[in-house]
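> This structure is in structure tokens; I'll ask about it shortly.
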Amino acid sequence: MSPSNPENRQIGADQADIIGKIDEFVDALPNQEQIAALREESEQICTILQPLDFPPVLLAAVRACPLVRDEHVSLRDLQKIGNSELPGLVEGLVQLSRFSLPQDWQPGEALAVQQSEALRKMLLAVVSDARLVLVRIAEQLYRLRLAKTAARDEQRAIAVETQEIYAPLANRLGVWQLKWELEDLSLRYLEPDTYKQLAKSLNEKRTERETYIDEVITTLREELSKNDIEGDITGRPKHIFSIWKKMQAKNRTLEQIFDMRAVRVLVEDVHQCYAALGVVHNLWPYLPGEFDDYVANPKDNNYQSLHTAVIGPHGKTVEVQIRTHEMHRHAELGVAAHWRYKEGGSTRAAFDQKIQFLRQLLEPGDQDGDLLDKLRGDVFEDRVYAVSPRGDVVEMPADATPLDFAYHVHTQIGHRCRGAKVNGRIVPLTYKIQNGDKVEIITGKLEQPSRDWLSPQLGYLVATRSRTKVRTWFRQRDKEQNKRQGREILERELTRLNVHDIGTSEIAGQLKYANSDALFVALGAGDITSASIASALQHLRHEEPTEIIRKRRPRKRSDAVPGDIAVSGVGDLLCNFARCCRPVPPEDIAGYITLGRGVSIHRQDCGNYLSLHSRHPERVIEVDWGTVADGTYPAKLSLHAFDRQGLLRDISAVLSDEHVSVDGINTRSDKRTMQAHMELNISVPGLPTLSRVISRLEQ
């Protein structure tokens, strides 16, 4: 819709006038004495939100929320104001406002059903509209400020609630302006003596610290100017909670905290960030182990900055933070920096995309549902929120599965997991959980984890912590059983790959195990998978995985091979793969000169080849796999399966996922036994890929 459109101008005027309308509406209400405190509350919260540049309609919702929450006004009354968006926003804010923890609640205790439901709504709001949660965080900050005169028990209750729920949420959204004050006030109520002692010590050293910081800033500004770097340099304010947390974590005194003396440098772009870092390190020696590059490796909430600690003037340590203006906006305002972002300046494409989505969200339109789906995957791409049958919210890594959910709830539930329901429907254990899914785990009586769960390629578990729990379970089982099962796994893998000329001790040595028994135990315990065996065989053959016989090109015959095979002493001979054994690299091969068909390539342990070798040894020649890159090798698979609809589609999906091409397929079905027998001629890059394909087809 164009900005010059009269309808668009009318929407903008309505939005700008909505605060005036809500004030007139409140002024007309009876019992002004009773609602005066509620008006004061809403105005204080709006003041806290002012730096975040919220749209007028959301600020109007903030003003109306206390009135609806305390039942002085209904949502139907708000519809008379004439803004269709307002009642929905107020309803969402009221739902979030009603959540609170019991005063005697301790971290780790289970929540009541009503509290779990409220918390579920709040966390799910995070992945749909972060603005509502920011309002709830601002409301919590208002309550904390108000609690300075409250009873000790009330102070403790709201401080625990803030530390457990709202400060982590503010950190998650990256809103440092709110996060630091939430944490400092919580510490003030929970550890009043510690807070007062730290505040007194910081105040006593303030003058000395400010004089030192001014000297550092002057010196650094001169050096940056000499190197043609324009930067804004300021002293970085310190927060009592962060100092106390570092003292606790590193067991240090106040004088030993490096960033007690800290400066921040703001530059135009990433290149200047690293250039400024070079200036700092050339100016003063840096402290080993105290450098963090959050520009190349951002934190979970997309925080970006360079942190370093140096030995500054007079031998005193000082922390230096270096970031761009754009990074600083995000660091101070978090997700609010997106809709606060002004025109101009170059940004990364991914950041531009987030800004575009959020700008569209702030405009009226018919595609809000689709935009919210995009935001869930783009702004909060690394986490997913699911709900248990009791209403508890479980936060997991993106692409987590029901099996990850089971292990997150309890280790025993994960071990006994047999299946899962998502939103009332049975799903496979490899299903990728979406935000808001209600997950129910189906358990058995006995603990029976599967070693298949440990294979990343099969997709049962995403979280590293979940896989660690499965490995621990197998490791704790009887060692002899692990050894027996590991031997079976190795023998099965060697049989599948048709490898008979390499001993288990050689494989164990390649994988850095002392002997074969240690290898068996590791396989049985799940410390290594069958894919590791295929890779070890590849190295023991002294062949690189990319070495091939022929380049990938359109095939006229499945057994045709170009002249890229190396034949000892002879060039440009016609070669073809023997159909009896169909060798695949890096298997040991030999050549046999046929009559009229060139050189036939066999595996060295092939029965037909051994027979031919004994009868006509003069026709045997040495061959190897050659050195041409980026190609494939033919292999033949025999598959027996239950004949069902969609069988061929499922097999094709596995082959497609592994980038394996099908050269030929022959299928026979037995209607009486409902069995299908398939012969597949495929082309694979090497043994590891062939091993993965067989593993997935066996599922």
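Throughout, read-outs are computed from the coordinates displayed, never taken from laboratory work. Please read these numbers as outputs of a predicted model, since none were measured by experiment. Virtual Cβ from ideal backbone geometry, glycine too; neighbours counted across all protein chains shown.
> For every other residue with a beta carbon closer than 12 angstrom to the beta carbon of residue 48, add +1 if it is Lys or Arg and -1 if Asp or Glu, then tell me the sum.
Net local charge, residue 48 excluded: -1.
> Once you list every other residue whose beta carbon is under 11 Å from the beta carbon of residue 141, what net charge do they have if Lys and Arg are +1 and Asp and Glu are -1?
0
> Please give the length that would be gained between residue 80 and residue 148 if that part of the chain were fully extended, namely 0.36 nm times their separation in residues minus their C-alpha to C-alpha distance (nm, one decimal).
Between residue 80 and residue 148, full extension yields 20.6 nm more.
> PRE reach from residue 47 (point 7 Å along Cα→Cβ): which of the range 147-188 fall under 15 Å by backbone N?
Zone members listed by number: 147-148.
> Sticking with this structure for a sec: Would you order 656, 186, 600 from fewest to most other beta-carbon atoms within 10 Å of each residue's own beta-carbon?
Ascending number of Cβ neighbours within 10 Å: 656, 600, 186.
> May I ask you to order 523-531, 304-312, 499-507, 430-438 by the average number of other C-beta atoms within 10 Å around their residues, highest value first?
Top to bottom by mean Cβ count within 10 Å: 523-531, 304-312, 430-438, 499-507.
> Something else about it: With only Lys, Arg, Asp and Glu charged, each at its Cβ (+1 for the first two, -1 for the last two), find how big the charge dipole of the range 477-540 is about the Cα centre; round to the nearest 20 debye.
My answer is approximately 140 debye.
> Next question, about the same structure. To the nearest 0.05, what FRET efficiency results for residue 697 and residue 293 with a Förster distance of 60 Å applied to their C-beta separation?
Working from the Cβ atoms, E equals 0.90.
> Once you have the alpha carbon radius of gyration of the range 477-540, what is it after dividing by 2.2 N^0.38 Å, with N set to its residue count? Walk me through the numbers before you get to the answer.
Numbers: Rg = 10.6 Å, N = 64, 2.2 N^0.38 = 10.7 Å.
Relative to the rule-of-thumb radius for its length, the range 477-540 sits at 0.99.
> While we're here: About the Cα centre of the range 383-474, what is the dipole size in debye to 20, counting +1 per Lys and Arg Cβ and -1 per Asp and Glu Cβ, all else neutral?
Rounded to the nearest 20 debye, it is 200 debye.
> Tell me the net charge near residue 638. Cut-off is 12 Å between Cβ atoms, residue 638 excluded, with +1 for each Lys or Arg and -1 for each Asp or Glu.
Net charge in that neighbourhood comes out at +3.
> So how much slack lies between residue 226 and residue 488, counting 0.36 nm per residue of separation and subtracting their Cα-Cα distance, in nm?
87.4 nm is the gain from fully extending residue 226 to residue 488.
> Let me know the charge dipole size of the range 429-514 about its Cα centre in debye, to the nearest 20, where only the beta-carbon of Lys, Arg (+1) and Asp, Glu (-1) is charged.
Dipole magnitude for the range 429-514 comes out near 360 debye.
> Hey, another quick one. Between the range 457-525 and the range 15-87, what is the C-alpha centre distance in whole Å?
Centre-to-centre (Cα) distance: 65 Å.
> Between residue 450 and residue 677, what FRET efficiency comes out of the Förster formula 1/(1 + (r/R0)^6) with R0 = 25 Å and r the beta carbon distance, rounded to 0.05?
For residue 677 and residue 450, the calculated efficiency is 0.40.
> R0 = 45 Å: FRET efficiency of residue 425 with residue 518, Cβ-based, nearest 0.05?
Between residue 425 and residue 518 the formula returns 0.50.
> Determine how many Å³ per residue the convex hull of the Cα atoms of the range 383-474 encloses. Spell out each step's value before the answer.
Values: hull volume 7.5 nm³, N = 92.
Cα convex hull per residue, to the nearest whole number: 81 Å³.
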